[in-house]
1. Explain nothing, just the number: relative contact order of the chain, from Cα pairs under 8 Å at least 6 residues apart, as a whole percent.
2. Provide the net charge surrounding Trp145, with neighbours chosen by a C-beta distance below 10 Å and charges set as Lys +1, Arg +1, Asp -1, Glu -1.
3. Can you give the local net charge around Asp73? Use residues other than it whose beta-carbon is closer than 13 angstrom to its beta-carbon, Lys and Arg +1, Asp and Glu -1.
4. How large are Rg and Dmax for region 136-262 when only the alpha carbon atoms are used, in Å?
5. For the chain, what value does the Rg/Rh ratio take when both radii are computed over Cα atoms and Rh is the Kirkwood radius, given to two decimals?
6. Near Trp192, within a Cβ-to-Cβ distance under 12 Å, what is the net charge of the other residues, with Lys and Arg +1 and Asp and Glu -1?
7. Highest mean first, what order results for 150-162, 86-98 on Cβ atoms within 10 Å?
8. Note down the magnitude of the dipole of region 164-288 about its Cα centre, charges +1 on Lys and Arg C-beta and -1 on Asp and Glu C-beta and zero elsewhere, to the nearest 20 debye.
Amino acid sequence: MDRDTIRAVVRAAPRVLELRELPAPPVGPGEVRVRIRAVGICGGDLHYFEGRGRVTNPNRALVVGHEGAGVVDAVGPGVADLRPGDRVVIDPQVGWCGHCDHCLRGARHLCPRRVDMGYMTDGACRDLVTLPRACVYPLPHHLAWDAAVGIHGLAATVHALEQVPYRMDASVVVLGTGPAGLYFLQLLAAGWAARQVVAVGRNAGRLALARRLGAHEVVDARAVELVDAVAALTPGGADLVVEATGAQSVQERAVDLVAPRGTVLTYSPGLAAIPFEQVVRKEVRLVGSTGVTGCMRTAVRLVAAGKVDTAALVTDRYPLTETQAAFEAATADDKGGFVKAMVTL
């Protein structure tokens, strides 16, 4: 490899990753080139890896990964507030039109011309990435890469909670103890100061981590009947139910768990049938959420201040040359103590 090429991990076929050499990306006006140091792997990456879910062009070979962090390598003309050597984290939504109603209202994540790294265009598992300045956020120098790779996922959960009514005395049930669920419960226990946060999962290690990170109660869905167990902890139902699994069988129980006039926040896309009869009878508010627009800086501040521990979720680390193993670990049926993988460069 010479100075004109970079290493990159490309999905060549479903569940097949290849380490390739690609041309080093140039840097133009208003752009920042980042030397990637770490990339987190999340559920969206796994959908593209396996060719399932809401993947765009599932047969297209692209560089994988979107939760990237690193140091500024070069800046283009017009970028005056960053310089080489600055530590940064990236927002992987790299495309939007800038003139539709959504963009003009500050909601570029709803732009019909939205483009995301890692499954619509080349992602972050490569030595160098060039992005618009608006997609690059400075990091404090003390922040470890383990913590940095969780910032984008945390920002998405911050944005999601901004969509629901705020009540400091709320009882909340978080369905799922993957990375998203663990970010949610930390925000709810700390920033939201919820009266009661119940974490529901199917992995003993993750449930123990959920309790350490702020859950007041945990429910092992393998050992109990879900609705009865949650009802015993939240008489009358929860004020807010956060669905963070994407599993159809779990999504379809969310309305069973929420109190009349409560809110169900659906964060993970899935194929669940919505029980509209219960929604109407209980006057349930259904809220969906996607994207991070306006929330990256908030997420950086929360992590830098120690309010949310994103590093605690990184359980497995792999060099770039072993990215295939990282994705296989993340999609394994038996997760064991696994929560989140990070690829290092």
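1. With pairs under 8 Å counted, the relative contact order is 17 percent.
2. After counting each charged neighbour, the total is +2.
3. Value of the local net charge: +4.
4. Rg, Dmax (Cα atoms, Å): 14.7, 47.
5. For the chain, the value is 0.97.
6. With Lys, Arg at +1 and Asp, Glu at -1, the net is 0.
7. The peptides rank, most packed first, as 150-162, 86-98.
8. It comes to approximately 280 debye.
Since every read-out is calculated from the coordinates, none of them should be taken as a lab result. It should be emphasised that the depicted structure is a prediction, and the values quoted were computed from it without experimental measurement. Cβ coordinates were reconstructed from backbone atoms using ideal geometry, including for glycine residues, and neighbour counts include every protein chain displayed.
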